[in-house]
1. Roughly speaking, what is the stretch gain from residue 85 to residue 68, that is 0.36 nm per residue apart minus the C-alpha to C-alpha distance, in nm to one decimal?
2. Using a Förster distance of 30 angstrom, determine the FRET efficiency expected from the C-beta separation of residue 60 and residue 115, and round it to 0.05.
3. Using R₀ = 25 Å, calculate the FRET efficiency as 1/(1 + (r/R₀)^6) where r is the Cβ-Cβ separation of residue 16 and residue 78; round to 0.05.
4. State the extension gain, in nm to one decimal, for the chain segment bounded by residue 40 and residue 24, taking 0.36 nm per residue of separation less the distance between their alpha-carbons.
5. Summing +1 for each Lys or Arg and -1 for each Asp or Glu, what net charge is found among the other residues whose Cβ lies under 14 Å from the Cβ of residue 110?
Amino acid sequence: LKALSGSGERSWTAELYHSDQAGACIGTHTDFEDVYTIQLFGDKHWCIDPPSLPRLRQLLSEGKMRSELPYDSWLQESGQSIPFLAPRTILMQPGDVLALPAYAMHRVEAGSGQQSCVSCNASINQISRWQQFVEDAAQTP
């Protein structure tokens, strides 16, 4: 991660999520970044669809999702129903690690077995990484 922060841009972030009640959820959303998460305490239920930029564009144009700036996320609009097309469900327990690609629509809910759960995420902005790759390639003889 240190190499990712050399440009001075925000190319990665780390977040610690604590849910203090079973069933806590921020709703269906899509992230702009690749997300790597480790479950530290308690459990979480994930529902994940494969990444699809055309579907994201469609949901945005239909008003079913909205952009959440400056966090580079798109959230489900209140009152809108967004079905998962090819859902994969995962139960994350302490010690489990999950890699979630950018633009994969997902919903995460704190498990019902514990009153509290904690996870840690590292999010990597791949747009800036690809831009740097292209710039470096252009300078290589």
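1. So the chain would gain 3.8 nm between residue 85 and residue 68.
2. 0.25
3. 0.45
4. Gain in length upon complete extension: 4.1 nm.
5. For residues surrounding residue 110, the net value is -1.
Just so you know, all these numbers are worked out from the coordinates, no wet-lab data involved. Note that the structure is predicted; figures quoted are calculated from it, not measured. Quick reminder, even Gly has a Cβ in these numbers, built from the backbone with ideal geometry, and neighbours come from all protein chains shown.
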